[in-house]
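Computed from the coordinates by the stated procedures, all read-outs in this text should not be read as laboratory data. This one's a predicted model, so the numbers in the text were calculated from it and none came from an experiment. Heads up, the Cβs are rebuilt from the backbone with ideal geometry, glycines too, and the neighbour counts pull from every protein chain shown.
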Amino acid sequence: MLLATLSGCFRSGPAGSEVPQNSDPSPAVVGTVASATPPEALGRDDEDDDEGPAAPVAEAAPAAAAFATAWARPGLDAARWLEGVAPLCVPRFAERMRTVDPANLPASRITGRPRATYPVRDGGGQFAISTDRGTLLVSVADIKGRWLVTGNDFKRAGQ
């Protein structure tokens with residue numbers, strides 16, 4: 001099975017860096033799929049996430065969807081692509097994303113809404129998001145009251 005793993009994101013990007021909106025309806029959790037992924041493997045970062053208010057659970061799926069929309073843009077140059085994904089991620093994941101060449105991304109379009117593959121609880125969760133070439137898995141964590149991406153994986157269709 002071919003998996004493309006990408007990880008890391010910054011909390012803030014350059015001024016005016018907007019994440020493009022997908023033409024699909026607003027993101028929502030669609031169903032729940034059981035997952036064998038243990039909570040500690042969801043990409044929780046070692047951020048100091050105990051400070052500040054808790055992020056509303058209802059905002060986890062839209063955070064995953066925003067990342068997916070920013071991620072699935074292989075036509076952008078690396079710097080512009082990073083400007084879109086980095087603000088949606090924890091710093092360690094954003095740093096790792098600097099090595100990604102968007103031209104090598106396996107998908108170019110989001111085709112579905114986030115489905116919880118691991119229930120959002122204990123400050124973290126995981127979502128599966130359908131693309132034109134497979135499924136993007138996005139792990140999120142509540143970091144100081146904001147849902148940020150801590151990791152992702154890609155499963156090609158048919159695998």
Task: Vicinal HN-Hα couplings computed from phi for the stretch 123-132 (Karplus, 6.51 cos²θ - 1.76 cosθ + 1.60; Hz; Gly/Pro x) - done: x, x, x, 9, 10, 9, 10, 5, 10, 5
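Rounded, prolate or oblate: which fits the stretch 55-159 when a ≥ b ≥ c are the square roots of the eigenvalues of the alpha-carbon gyration tensor, with rounded for a/c under 1.5 and prolate only if a/b beats b/c?
Details: a/c = 2.04, a/b = 1.24, b/c = 1.65.
Oblate.
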Task: Positive dipole terminus of the stretch 94-155, leading residue within 99, 119, 154 (C-beta point charges) - done: 119
- [ ] Only Lys, Arg, Asp and Glu count, each charged at its Cβ (+1, +1, -1, -1), so figure out the dipole size of the stretch 39-156 about its Cα centre, rounded to 20 debye.
- [x] 740
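Can you give the local net charge around residue 71? Use residues other than it whose beta-carbon is closer than 12 angstrom to its beta-carbon, Lys and Arg +1, Asp and Glu -1.
Values: positive: 73, 109; negative: 153.
Here the count lands on +1.
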